[in-house]
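A.B. asks: Dropping the structure in here first, questions after.
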Amino acid sequence: MVLSFPSVCTSSGTSPATFTLDEHRGASHSSTPRSFPNFEHPSHQLLKESGFTQQGYYRYHQKCLRDRKKEGVGKSSEMNTLFRFWSFFLRQRFNRKMYEEFKVLAREDAAEHERYGLECLFRFYSYGLERKYRPDVYDDFQLETLRDCQDGELYGLEKFWAFHKYWKGKPLTVKPELSARLGKFKRLEDFRECAVGASAHTPLSSSAADSYAGRAAAVAAAAAAASSPSSAAGNV
């Protein structure tokens, strides 16, 4: 089945040309605090233009894995910075080995009910595929979204819905199982309402509910700016 969505006003149709620690179109919230220390973290340096080196990445990568082993799955703040690094880095400089490790470790954390890595993976899918479409990665996006739905979560489905909402290329095929789940969501607010309604029965991560509210607020602000006489069309 092929999905089509009405167009909406956004500040940008694609991911920014340079790396930034702020997500566009709604600033989805994560399962852990998104703030980083004021000093320059190794992950920040690696994301800078011409800042990535194999040696620097190897040291940073090994440090994060050691901390994960020491603190336990889903308990390492250093590992969370690596998940976030992967989510941004792979959008512009895709590396198959890095991506596969990202998936495996994010799934391991999610199996222990620690979802930060998985949510970073979904953000990579949603924003990264918008920048550069890869059929095999899109297939993984669908499979991971279905798995997330089966676990009683909406975060992956919201990211999948948003990807199609903002997709500017040719219509993409959606698996029937996903299409059926997406049928009830016509607006960003529908995710928020569903999250609130389901909370009495199936607990959802707070990041999922916050994500729906944040993205809806961004769209509403863009629409208000578009209707203002003082707003230039190029700034919408």
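A.B. asks: Leu118: net charge of surrounding residues, Cβ under 12 Å, Lys/Arg +1, Asp/Glu -1, itself excluded? List each step's numbers first, then the result.
C.D. replies: Details: positive: Lys103, Arg107, Arg115, Arg123, Arg147, Lys159; negative: Glu108, Asp109, Glu112, Glu114, Glu119, Glu144, Asp148, Asp151, Glu153.
Spelling it out: positives minus negatives among the neighbours equals -3.
A.B. asks: Next up: Output the pairs from Lys63/Lys103; Lys97/Lys184; Lys75/Lys184; Lys69/Lys97; Lys103/Lys170 with a Cα-Cα distance over 25 Å in this structure; if there are none, say none. Present the calculation step by step, with values, prior to reporting the outcome.
C.D. replies: Values: Lys63/Lys103 19 Å; Lys97/Lys184 36 Å; Lys75/Lys184 35 Å; Lys69/Lys97 20 Å; Lys103/Lys170 27 Å.
In this structure, Lys97/Lys184; Lys75/Lys184; Lys103/Lys170 exceed 25 Å between Cα atoms.
A.B. asks: Could I ask something else about it? Apply the Karplus curve 6.51 cos²θ - 1.76 cosθ + 1.60, θ = phi - 60°, to the phi angles in segment 91-108 and return the couplings in whole Hz, x for Gly and Pro.
C.D. replies: Residue by residue, segment 91-108 yields 5, 10, 10, 5, 9, 4, 5, 4, 4, 5, 5, 3, 4, 4, 5, 5, 5, 4 Hz.
A.B. asks: Could you tell me what % of all Cα pairs in segment 64-115 have separations over 14 Å? Let's see the in-between values first.
C.D. replies: Details: 675 of 1326 pairs.
When every Cα pair of segment 64-115 is considered, 51 percent fall beyond 14 Å.
A.B. asks: Using a 10 Å cut-off on Cβ atoms, rank the peptides 136-144, 103-111, 116-124 from the highest mean neighbour count down. If you can, show how the numbers build up before the last one.
C.D. replies: Working: 136-144: 16.1, 103-111: 17.8, 116-124: 26.4.
Averaged packing, sorted descending, gives the order 116-124, 103-111, 136-144.
A.B. asks: Label points 7 Å out from Cα along the Cβ direction at Ser179 and Met98: separation in nm?
C.D. replies: Rounded to a tenth, the inter-label distance reads 3.5 nm.
A.B. asks: Here's another thing I want to ask about it. Using a cut-off of 10 Å between beta-carbons, work out the net charge of the residues near Gly128 (Lys and Arg +1, Asp and Glu -1, Gly128 not included). Display every interim value, and only then the final one.
C.D. replies: Values: positive: Arg91, Arg123, Arg131, Lys132, Arg134; negative: Glu130.
After counting each charged neighbour, the total is +4.
A.B. asks: Can you work out the FRET efficiency for the pair Arg187 and Ala111, with r the C-beta to C-beta distance and R0 = 22 Å, to the nearest 0.05?
C.D. replies: Numbers: r = 32 Å, r/R0 = 1.46.
Using R0 = 22 Å, I get an efficiency of 0.10.
Every read-out reported here was derived from the displayed coordinates using simple, explicitly stated rules and does not represent laboratory data. Everything quoted here is computed from the prediction, not taken from an experiment. No Cβ is skipped: glycine too gets one built from the backbone with ideal geometry, and neighbour counts run over all protein chains shown.
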